[in-house]
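Take a look at the structure set out below.
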Amino acid sequence: MKRKTKMVHGGITGDERTGAVSVPIYQVSTYRQPEAGKHTGYEYSRTGNPTRHALETVTAELENGNAGFAFASGMAAITTVMMLLKAGDHVVLTDDVYGGTYRLTTKVLNRIELGHTFVDTSDIAAVEAAIQPNTKMLYIETPTNPLLKVTDLKKMKEIADKYNLLLVVDNTFATPYLQNPLDFGADIVLHSATKYIGGHSDVVSGLVAVKDEQLAEEIHFVQNSVGAVLGPQDSWLLMRGIKTLGLRMEAIEKNANKIAAYLDQHPNVEKVYYPGLASHAGHDVAKQQAEGFGGMIAFDVGSGEKADQVLSRADYFTLAESLGAVESLISIPARMTHASIPKDRREQLGITDGLIRLSIGIEDVDDLIEDLAKGLD
Ligand SMILES: Cc1ncc(COP(=O)(O)O)c(C=O)c1O
């Protein structure tokens, strides 16, 4: 099945009993058992729910895995994956990971003595140097949020194999339509499905997919134990979103390419971060490991005041956190998504006060460019 067909016909489609073409929403917590200790495959909805199961099945297929898992948020998915580790273990993570992942690692997981080192994972030597005898996981985000840094998945797999590490990839920015890390040997791929997979700014959710059966069993065990599962209504919304993921990503990327080129030549823009630009440091690697460059762009206008000017004049770009929806969003990472990262660390990473992040939507690109021009010119 080709990629775009998989979005529509993958997983479990419709309802065999009634012929309904959409999977029903099983709004239920418990299931009648024919006799004590026997059940029909479902006993309690934290453990399994048919609507969630349909979503989890298509998630596995989209990522070319064998098992999928749906969670109440991207952070719930990340926390569950981290719970595969134990006190005293150590994780090496991409240095400009999503602010929530940074907060989870440095302010919550540290309480159970899970060690961490943040490193620029686009620098292979730096990754190897960060590995300690107790390192158990290599956690990659590619492209990253908000600087769109690209990490070479093949190279990370080599390192993971050499040091026997679990390779985990946050694939939120690339989406399963454009990049499939399990194909490059990652053990676990995860998403904030709140973003492109849902696609309509109406559901908070997280997804995980794996190939290995034993790992799948362990994740299901932790998912059921921790209990941060996705409800049936939200599972259904995600399945609806998935059906148009391919179409949306193509439209979004077309717009993003034009907007990145526009910003790149603008005299009032100091720097543009978009993997689709040939000048972007990760362009060649992104080209090799993904089918496209996605819809996220960051650009630096030099100061917080100038950034505010762009924000205040934009009509079609909504000032909001989050990303990956049909409508274009604009944000200032230093004051919004990445505010939980200390200022000196943000500056070290390049997340300056003048950095603006765009999540490109499916509107007419001419309107979007005009909207940005009002603040930039
Ligand atoms: C790359 C990335 N990973 C994980 C998350 C966390 O997901 P959620 O907000 O669904 O909990 C986000 C949220 O913005 C994100 O951008």
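The table that follows gives values for the structure above.
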read-out: Computed Kirkwood radius, in angstrom, where 1/r is averaged over Cα pairs of the stretch 25-86; value: 13.3
read-out: Cα gyration tensor category, rounded, prolate or oblate, for the chain with a/c compared to 1.5; value: oblate
read-out: Extension gain (nm, one decimal) between THR106 and SER225, 0.36 nm per residue minus Cα-Cα; value: 40.5 nm
read-out: Sequence ranges 170-181, 74-85, ranked by mean other-Cβ count within 10 angstrom, highest first; value: 170-181, 74-85
read-out: Accessible surface, 1.4 Å probe, highest first, among residues SER205, SER303; value: SER303, SER205
read-out: Where N is the number of residues in the stretch 226-376, Cα Rg divided by 2.2 N^0.38 Å; value: 1.10
read-out: Under 20 Å from LYS254, Cα to Cα: aspartates and glutamates that are on another chain or at least 8 residues apart; value: ASP264, ASP284, GLU291, GLU327, GLU363, ASP364, ASP366, ASP367, GLU370, ASP371
read-out: 19 Å Cα-Cα threshold exceeded, pairs from LYS4/LYS149; LYS157/LYS271; LYS195/LYS306; LYS107/LYS195; LYS107/LYS211; LYS149/LYS287; value: LYS4/LYS149; LYS157/LYS271; LYS195/LYS306; LYS107/LYS195; LYS107/LYS211
read-out: Solvent-accessible area per residue for the chain (1.4 angstrom probe, square angstrom); value: 43
read-out: Residue of ASP344, ASP284, ASP353 that the Gaussian network model of the chain assigns the largest fluctuation, springs spanning Cα pairs under 10 Å; value: ASP344
read-out: Whole-percent carbon and sulfur share, accessible surface of the chain, 1.4 Å; value: 50
read-out: Karplus-derived 3J(HN,Hα), 6.51/-1.76/1.60, for each residue of the stretch 12-29, Hz, glycine and proline x; value: 9, 10, x, 10, 4, 5, 9, x, 3, 7, 10, 5, x, 8, 7, 7, 8, 9
read-out: Rounded accessible area of LEU165 (nearest 10 Å², 1.4 Å probe); value: 10
read-out: Karplus 3J(HN,Hα) series, Hz, for the stretch 174-187 with 6.51 cos²θ - 1.76 cosθ + 1.60 (x for Gly, Pro); value: 7, 6, x, 6, 9, 8, 10, x, 4, 5, 9, x, 4, 7
read-out: Antiparallel %, DSSP beta bridges [both residues in the chain], to 5; value: 55
read-out: Alpha-carbon centroids, the stretch 16-53 and the stretch 156-231: separation in whole Å; value: 24
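The values are calculated or read from the model by the stated rules, or taken from the named source; none is laboratory data. Because the structure is a prediction, the values reported are computed rather than measured. Backbone-built Cβ (ideal geometry, glycine too); neighbour counts: all protein chains shown. Ligands, DNA and RNA are excluded from the accessible area calculation, which covers all protein heavy atoms including side chains. Shrake-Rupley method; radii C 1.70, N 1.55, O 1.52, S 1.80 Å.
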